[in-house]
Amino acid sequence: MAEKQGLHTLIDQLPSSEIPAAERFLRFLLAQDEPPVDPEMLARIDAARSSPSPGIGHDEVLREFGL
């Protein structure tokens with residue numbers, strides 16, 4: 001409940017001109033129907049981040065395009 005009260009406090013501090021944007025954003029958040037991310041998928045993402053690809057060097061790209 002304390003989190004909701006904190007949000008109410010923040011909303012009370014918003015300038016009147018920002019209230020419509022805040023309302024649209026909150027409605028957007030409530031409308032999201034994305035399923036939760038699968039733990040297996042999170043593990044795969046973390047593994048990919050921990051060993052990034054070396055990529056392609058600038059010289060190799062230029063060579064590929066004949067520059």
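The values are calculated or read from the model by the stated rules, or taken from the named source; none is laboratory data. Note that the coordinates shown come from a computational prediction; the quantities given were computed from them, not determined experimentally. With ideal geometry, Cβ positions are generated from the backbone for all residues, glycine too; neighbour counts draw on all protein chains shown.
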**Prompt:** Just a yes or no: is a residue in region 11-24 surrounded by fewer than 10 Cβ atoms within 10 Å (Cβ to Cβ) and aliphatic (A, V, I, L, M)?
**Reply:** no
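Results for (1) among the aliphatic types (A, V, I, L, M); (2) at pLDDT 90 or above; (3) surrounded by 10 or more Cβ atoms within 10 Å (Cβ to Cβ), shown as yes or no for each residue.
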| site | (1), (2), (3) |
| --- | --- |
| Gly6 | no, yes, yes |
| Leu26 | yes, yes, yes |
| Pro36 | no, no, no |
| Arg44 | no, yes, yes |
| Ser51 | no, no, no |
